[in-house]
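So the structure is just underneath, and the comments pick up after that.
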Amino acid sequence: MDSIKTNFSAMTALQSLQATNKELLKTQQRISTGYRVASAEDNAAYWSISTTMRSDNKALGTVIDALGLGSATIDVAYTALNKSIEVTSEIKAKLVAAREPGVNRTQIQSEITELQNQLQSNASSAVFSGQNWLSVDSSAAGYNMTKSVVASFTRASDGTISIGTINFSVDNSKLYDASASSSGILDGLRDGTGAQSASGTYSVATINVAALSDSAADLTTLEEYIRGVDAAMAEMTTAGASLGSTKKRIGLQQTFVKVLMDAIERGVSTLVDANMNEESTKLQALQVQQQLGVQALSIANSSSQNILSLFRN
């Protein structure tokens, strides 16, 4: 029915044009932002998931930084420990030389003293970011012999989060301990078998052969020193292997976390990113629909003129 009060055709054409314009605006926003879900109103569930996962991914980025810091700390400790093993080997060689009757043990001791000083320097210099795993003071307030490196960030299905760590006990690697009740590999007292013992009479850090003679008792003491230094080298080698294994574990975890971050990023992308091929095709179609809608509205608005022409006749 044609009416001069209400233009039903124009109303229908206008509603259709408004719907087309709304879809066109939405498509243009997707193309300009690159997101299919840019805000909660687009898709509340997907927006919530993507926001949480982006936050978790940022936390994983911090985990990688922490792993890098831990790796550097271990690398410094391992480097100093490896050099200390070389110096300790030199001390053992000097002690074997001192075992020979008639040698100048005072001169040999001057060399050993310098090597002992070098060991102390190696341990005290093994500092990275304020941490020293070779020279410690276990009596200090807040001391913890277990060193932890943040290794993972995990969110459970109920939303609770947990932080995983890679732990290393410096009690196995410390060369010196300033505490009166504890000791390290080099400053720990050793007995005649070379093992660390409360009844020990010497340490690698305090060995002194200057006053020893060629007597049987003194030669026995020299042999005890050699056994003690050799045992210390074995302990240091074990500590170095442990440090190396821990660093390897950290390297593997770094690789895994990086791959995990990429996987999460891809997952978020499938939820919220716009398919630009689809959106560009849809844009062209909507632009055509918009032009047709404008034309249809124009035709509908002209219907009143057709009624007027009836009265002119």
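The values are calculated or read from the model by the stated rules, or taken from the named source; none is laboratory data. A quick note: this is a predicted structure, and the numbers were derived from the prediction, not measured. Ideal geometry is used to build each Cβ from the backbone, glycine not excepted, and the neighbour counts take in all protein chains shown.
Data overview
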| quantity | calculated |
| --- | --- |
| Selected residue [in a loop (DSSP other than H, G, I, E, B) and either aliphatic (A, V, I, L, M) or without any contact (Cβ under 8 Å) to a residue 60 or more places away in the chain (or both)] from L212, L283, L297, L252 | L212 |
| Residue check for A231: part of a loop (DSSP other than H, G, I, E, B) and either assigned by TED's automatic domain parsing to the domain that holds D56 or surrounded by 14 or more Cβ atoms within 10 Å (Cβ to Cβ) (or both) | no |
| Residue match in the stretch 102-116 (condition: within 31 Å of the chain's Cα centre (by Cα), surrounded by fewer than 19 Cβ atoms within 10 Å (Cβ to Cβ) and of a type in the set (A, V, I, L, M)) | no |
| Options S183, S179, S162: the member that is free of Cβ contacts under 8 Å to residues at least 24 places away in the same chain, hydroxyl-bearing (S, T, Y) and farther than 30 Å from L260 by Cβ | S183 |
| Single match in S157, S152, S138 (criterion: surrounded by 13 or more Cβ atoms within 10 Å (Cβ to Cβ) and outside any strand (DSSP E or B)) | S138 |
| When residues of the stretch 160-183 are limited to those that are aliphatic (A, V, I, L, M) and farther than 21 Å from T206 by Cα, the one surrounded by the fewest Cβ atoms within 10 Å (Cβ to Cβ) | I161 |
| Condition broken by I85, with the remaining ones in (1) in contact with a Leu (Cβ under 7 Å, 6 or more places away or on another chain); (2) over 30 Å from N301 (Cα atoms); (3) part of a helix (DSSP H, G or I) satisfied | (1) |
| Of residues in the stretch 36-60 being among the small types (G, A, S) and outside any helix (DSSP H, G or I), the one farthest from S280 (Cα to Cα) | A40 |
| Unmet requirement for G194, which otherwise passes all of (1) in a loop (DSSP other than H, G, I, E, B); (2) of a type outside the set (D, E, K, R); (3) over 24 Å from S121 (Cα atoms); (4) touching a Gly at 6+ places or on another chain (Cβ under 6 Å) | (3) |
| Condition met for S242 (assigned to a helix (DSSP H, G or I), over 29 Å from L134 (Cβ atoms) and touching a residue at least 12 places away in the same chain (Cβ under 8 Å)) | no |
| Meets criteria (assigned by TED's automatic domain parsing to the domain that holds E90 and more than 23 Å from Q253 (Cα to Cα)) for S129 | no |
| Number of the condition not met by A263 [criteria: (1) out of contact with any helix residue (DSSP H, G or I) (no Cβ under 6 Å at 6 or more places or on another chain); (2) aliphatic (A, V, I, L, M); (3) surrounded by 12 or more Cβ atoms within 10 Å (Cβ to Cβ)] | (3) |
